[in-house]
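Single-structure report; data block below.
The values are calculated or read from the model by the stated rules, or taken from the named source; none is laboratory data. Predicted model only: the values in this text are computed from it and were never measured. All Cβ positions, even for glycine, are placed from backbone atoms using ideal geometry, and neighbour counts span all protein chains on display. Side chains included, ligands, DNA and RNA excluded: accessible areas come from the protein's heavy atoms. Shrake-Rupley method; radii C 1.70, N 1.55, O 1.52, S 1.80 Å.
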Amino acid sequence: MEHASEALPEYVPDCYLCPGNRRVSGAVNPLYTGIFVFDNDHPSLAPEAPGVLDAPPGIYRNSPAQGVCRVICYSPKHNLSPGELAPREIENLIEVWRRQYLELGSRPGINSVLIFENRGEVVGVSNPHPHGQIYATNFVFKVLETELAACQQHYAERGRLLFQEILEAEYRDGRRILFENRTAVAFVPYFARYPYETFVAPKAPHASLATLSDGEAADLAAVLRRLLIAYDNLWRMPFPYVMPLHQAPTDGGDYSWFHFHIEFHPPLRKPNLLKYLAGAELGGGNFMLDVAPEATAAELRSQPEVHYREAARRA
Ligand SMILES: [Zn+2]
Ligand SMILES: [Zn+2]
């Protein structure tokens, strides 16, 4: 089912993300050659969303949700997998993420910038053109809010960063570390909820991409690229995932106790087998895994460093 893109062309005339094409809004994409960012034509959130809501009944509460939604095309090539991006192109992507976080985050009323990628038909994305999204919002999304609360409490109680202690535990054990270089690391967390779930982060405690040095950004790009290649090589197919960047809110607060990271939540257990969220997960709130994180880490770590399509071209 996920093999469809193998035969895709570099350019598709009716793709709303390809260079030079007209989108539903009537806007025409420029003939871009690198990364292209534009405001989503069907935004889930908008600046002009209602600022005053009807009072909810009884004990219910509500509050206005406003924001900016953008799309980031990683490449003009329709059929390119993110794992096929050159090292320099991944570095550019990280730089674009950083600039978008800073630009949108500096706007009044924008308190958080959630950058993410939904990849693959199993997570509802029918267009294989490599792209991600940005939701810059007046509120902080729930998962990040929960993480922030845990990190803040941990810091108050122990005087240490929660994520630093997670990294130390992972280094000490070692079995779930996937790839690392001088300043960046990728690992399957001890607490993984999905098969092949991974985290990617700088080793130093940056609260967001904003404070990364050029060297750290390049190291992060290298580890991220290595992981993307391993994912595609695992089943020799474009590997589906949900990938959020968790960065500090942009509400002006002090988040020096938070450590920026990228998460990958892959929905598949095997090439044609979804990890279904069922009674235990949705009904009970606990995730059941039928594969140990040490085993998925070993599988990912053993993948070749060259993308399988590149290897096929070279052969
Ligand atoms: Zn396209
Ligand atoms: Zn997180």
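Could you check, for segment 103-114, whether at least one of its residues is at pLDDT 95 or above, polar (S, T, N, Q) and within 16 Å of ligand 1 (Cβ to nearest atom)?
Checking segment 103-114: not a single residue is at pLDDT 95 or above, polar (S, T, N, Q) and within 16 Å of ligand 1 (Cβ to nearest atom).
Regarding Trp235, is this residue touching a Pro at 6+ places or on another chain (Cβ under 6 Å), open to solvent by 20 Å² or more (accessible area, probe 1.4 Å) and away from ligand 1 (no atom under 16 Å from the Cβ)? Step through it out loud before you land on a result.
Details: touching a Pro at 6+ places or on another chain (Cβ under 6 Å): yes; open to solvent by 20 Å² or more (accessible area, probe 1.4 Å): yes; away from ligand 1 (no atom under 16 Å from the Cβ): yes.
When the stated conditions are applied, Trp235 passes them.
Output the qualifying pairs, or none if there are none: Cβ atoms under 9 angstrom, residues six or more apart or on different chains, first residue in segment 12-26 and away from ligand 1 (no atom under 13 Å from the Cβ), second residue open to solvent by 70 Å² or more (accessible area, probe 1.4 Å) and in a loop (DSSP other than H, G, I, E, B).
Pairs found: Val24/Tyr16; Val24/His42; Ser25/His42.
Just the residues that are free of Cβ contacts under 8 Å to residues at least 60 places away in the same chain and either part of a strand (DSSP E or B) or polar (S, T, N, Q) (or both), please, taken from segment 252-274.
Result: Ser256, Lys270, Leu273.
Inside segment 253-291, can you point out the residues that are farther than 29 Å from Asp219 by Cβ, open to solvent by 30 Å² or more (accessible area, probe 1.4 Å) and not hydrophobic (A, V, I, L, M, F, W, C)?
Arg269, Lys270, Pro271, Asn272, Lys275, Tyr276, Gly279, Gly283, Gly284, Gly285, Asn286, Asp290 - these are the residues of segment 253-291 that are farther than 29 Å from Asp219 by Cβ, open to solvent by 30 Å² or more (accessible area, probe 1.4 Å) and not hydrophobic (A, V, I, L, M, F, W, C).
Of Arg225, Arg182, Arg175, which residue is without any contact (Cβ under 8 Å) to a residue 40 or more places away in the chain and either within 16 Å of ligand 1 (Cβ to nearest atom) or at negative phi (or both)? Give the derivation first.
On the way: Arg225 fails: without any contact (Cβ under 8 Å) to a residue 40 or more places away in the chain; Arg175 fails: without any contact (Cβ under 8 Å) to a residue 40 or more places away in the chain.
Criteria check complete, one pass: Arg182.
Residue check: is Glu197 of a type outside the set (S, T, N, Q) and within 23 Å of Glu84 (Cβ to Cβ)?
Numbers: of a type outside the set (S, T, N, Q): yes; within 23 Å of Glu84 (Cβ to Cβ): yes.
Yes.
Only one residue in Glu95, Glu84, Glu117, Glu89 is surrounded by fewer than 17 Cβ atoms within 10 Å (Cβ to Cβ), touching a residue at least 12 places away in the same chain (Cβ under 8 Å), of a type in the set (Asp, Glu) and closer than 23 Å to Ala184 by Cβ. Which one?
Numbers: Glu84 fails: surrounded by fewer than 17 Cβ atoms within 10 Å (Cβ to Cβ); Glu117 fails: surrounded by fewer than 17 Cβ atoms within 10 Å (Cβ to Cβ); Glu89 fails: surrounded by fewer than 17 Cβ atoms within 10 Å (Cβ to Cβ).
Testing whether each residue is surrounded by fewer than 17 Cβ atoms within 10 Å (Cβ to Cβ), touching a residue at least 12 places away in the same chain (Cβ under 8 Å), of a type in the set (Asp, Glu) and closer than 23 Å to Ala184 by Cβ leaves just Glu95.
Report yes if Glu48 is in a loop (DSSP other than H, G, I, E, B) and closer than 30 Å to Glu84 by Cβ, otherwise no. Break it down stepwise before answering.
Numbers: in a loop (DSSP other than H, G, I, E, B): yes; closer than 30 Å to Glu84 by Cβ: no.
It is false that Glu48 is in a loop (DSSP other than H, G, I, E, B) and closer than 30 Å to Glu84 by Cβ.
Considering (1) in contact (Cβ under 8 Å) with a residue 24 or more places away in the chain; (2) closer than 23 Å to Thr296 by Cα, say which one Ala169 fails and leave the rest.
The failed condition is (1).
Look at segment 197-219 and say how many of its residues are in contact with a Leu (Cβ under 7 Å, 6 or more places away or on another chain) and assigned to a helix (DSSP H, G or I).
Going through segment 197-219 one residue at a time, the tally reaches 1.
Can you tell me how many residues in segment 179-196 are open to solvent by 10 Å² or more (accessible area, probe 1.4 Å), closer than 29 Å to Leu273 by Cβ and not in a loop (DSSP other than H, G, I, E, B)? Steps first, answer last, please.
The first filter runs over segment 179-196 and keeps only residues open to solvent by 10 Å² or more (accessible area, probe 1.4 Å), leaving 179-183, 190-194.
Within this subset, residues satisfying the condition of being closer than 29 Å to Leu273 by Cβ are 179, 190-194.
Add one more test, that the residue is not in a loop (DSSP other than H, G, I, E, B), and what stays is 179.
Looking only at that region, the number is 1.
I'm trying to understand the selection: among the residues of segment 140-164, which are more than 18 Å from the chain's Cα centre (by Cα), within 16 Å of ligand 2 (Cβ to nearest atom) and assigned to a helix (DSSP H, G or I)?
We begin by selecting, within segment 140-164, every residue more than 18 Å from the chain's Cα centre (by Cα); these are 149-162, 164.
Filter again for within 16 Å of ligand 2 (Cβ to nearest atom), leaving 149-155, 161-162, 164.
Matches in segment 140-164: Ala149, Ala150, Cys151, Gln152, Gln153, His154, Tyr155, Leu162, Gln164.
Which residues, counting only those in segment 103-139, are closer than 18 Å to Arg70 by Cβ and part of a loop (DSSP other than H, G, I, E, B)? Don't jump to the end; show me each part of the working.
First, pick out the residues of segment 103-139 that are closer than 18 Å to Arg70 by Cβ: 103-119, 125, 127, 129-139.
Across segment 103-139, the qualifying residues are Ser106, Arg107, Pro108, Gly109, Ile110, Asn111, Val125, Asn127, His129, Pro130, Asn138, Phe139.
If we scan segment 134-151, do we find a residue that is touching a residue at least 24 places away in the same chain (Cβ under 8 Å), open to solvent by 30 Å² or more (accessible area, probe 1.4 Å), within 21 Å of Pro238 (Cα to Cα) and in contact with a Cys (Cβ under 8 Å, 6 or more places away or on another chain)?
Kept after step one, since they are touching a residue at least 24 places away in the same chain (Cβ under 8 Å), are these residues of segment 134-151: 134-141, 143-144, 147-148, 151.
With the extra rule that they be open to solvent by 30 Å² or more (accessible area, probe 1.4 Å), the set shrinks to 135, 138-141, 143, 147.
Narrowing the set further to residues that are within 21 Å of Pro238 (Cα to Cα) leaves none.
Checked segment 134-151: no residue is touching a residue at least 24 places away in the same chain (Cβ under 8 Å), open to solvent by 30 Å² or more (accessible area, probe 1.4 Å), within 21 Å of Pro238 (Cα to Cα) and in contact with a Cys (Cβ under 8 Å, 6 or more places away or on another chain).
Would you check which residues across segment 223-241 are closer than 18 Å to His129 by Cα and among the aromatic types (Phe, Trp, Tyr) and list them?
Hits for segment 223-241 are Tyr231, Phe239, Tyr241.
Just one of (1) modelled with pLDDT under 95; (2) of a type outside the set (Lys, Arg); (3) away from ligand 2 (no atom under 16 Å from the Cβ) trips up Gly215, so point out which.
Gly215 satisfies every listed condition except (1).
Can you go through Ser63, Ser75 and tell me which one is buried (at least 19 other Cβ atoms within 10 Å of the Cβ), more than 16 Å from ligand 2 (Cβ to nearest atom) and not in a helix (DSSP H, G or I)? Break it down into steps so the answer makes sense when it comes.
Details: Ser63 fails: buried (at least 19 other Cβ atoms within 10 Å of the Cβ).
Matching residue, one of Ser63, Ser75: Ser75.
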